[in-house]
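The values are calculated or read from the model by the stated rules, or taken from the named source; none is laboratory data. As the structure is a computational prediction, the values presented were derived from the model and not from experiment. Ideal geometry is used to build each Cβ from the backbone, glycine not excepted, and the neighbour counts take in all protein chains shown. The protein model used for the area step is the full one, side chains on, heavy atoms only, and it has no ligands, DNA or RNA in it. Shrake-Rupley method; radii C 1.70, N 1.55, O 1.52, S 1.80 Å.
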Amino acid sequence: QRRFVSGAEKLPISQIEFSVPPFQKLHRSADGIRDLWVELRWTVAGLPRDNEFVTRMQCDLRRVKDGGWEVIKVEQTLRPAFWTIGFTKMQASDHFIVFSKPGDAQDEKAKLAMSQLEKSWSRLRKSLLPIGQRYLAFVVEDKDDFKVLTGRDAETFAGATSAAFAERD
């Protein structure tokens, strides 16, 4: 938890929740448990609660002398939290929060993206789509980063994609 929470402290993350999904098969070893699924659910301040993100991790644990458990390995296996892969620069407009990697070139691209998004806002409001008050956007230049954030191959995908929104209940 410290590893993931410390990276989020500088960002407008409003809630972080760790949970162990039920109904998973435990892989026991002589010294502990391997490949335990853990979900990290998080929201960004200023966005509705239904804009919750999920990162799925696999953890290895071992017993310690006092009877507790120690996490010895954590691996983000599905849609990592964006701040853990370097998207820590944030810019905000009336309707969007745009994240990018730090750097002057990225700042300019983020400003351009935010400007284009705001220009499209009034057209989106006129559509029949249910539109919220604020959304996240990412400036992603690297194809590998795109695949990590969205789970899609940049070479074969065209269109808009979400980055790990979750549905509860």
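Does the range 144-153 contain at least one residue that is open to solvent by less than 80 Å² (accessible area, probe 1.4 Å), out of contact with any Pro (no Cβ under 6 Å at 6 or more places or on another chain) and farther than 29 Å from Trp37 by Cβ? Within the range 144-153, not a single residue is open to solvent by less than 80 Å² (accessible area, probe 1.4 Å), out of contact with any Pro (no Cβ under 6 Å at 6 or more places or on another chain) and farther than 29 Å from Trp37 by Cβ.
Total residues in the range 72-94 satisfying the condition of being open to solvent by 40 Å² or more (accessible area, probe 1.4 Å) and of a type outside the set (A, V, I, L, M, F, W, C): the figure is 9. Among the residues of the range 110-143, those identified as open to solvent by 80 Å² or more (accessible area, probe 1.4 Å) and not polar (S, T, N, Q) are Lys111, Leu112, Lys119, Arg123, Arg125, Lys126, Leu128, Leu129, Pro130, Glu141, Lys143. Summed over the range 1-56, residues that are part of a loop (DSSP other than H, G, I, E, B), among the hydrophobic types (A, V, I, L, M, F, W, C) and either more than 24 Å from Pro102 (Cα to Cα) or open to solvent by 80 Å² or more (accessible area, probe 1.4 Å) (or both) total 4.
Each residue in the range 88-135 was checked for being polar (S, T, N, Q) and out of contact with any Lys or Arg (no Cβ under 8 Å at 6 or more places or on another chain), and 7 pass.
For Trp69, the criteria (1) exposed (fewer than 15 other Cβ atoms within 10 Å of the Cβ); (2) closer than 29 Å to Asp142 by Cα; (3) in contact (Cβ under 8 Å) with a residue 24 or more places away in the chain; (4) out of contact with any helix residue (DSSP H, G or I) (no Cβ under 9 Å at 6 or more places or on another chain) hold in every case but one, which is (2). Once the range 64-103 is narrowed to residues that are modelled with pLDDT under 90 and of a type in the set (Lys, Arg), the residue that is farthest from Trp121 (Cα to Cα) is Lys65.
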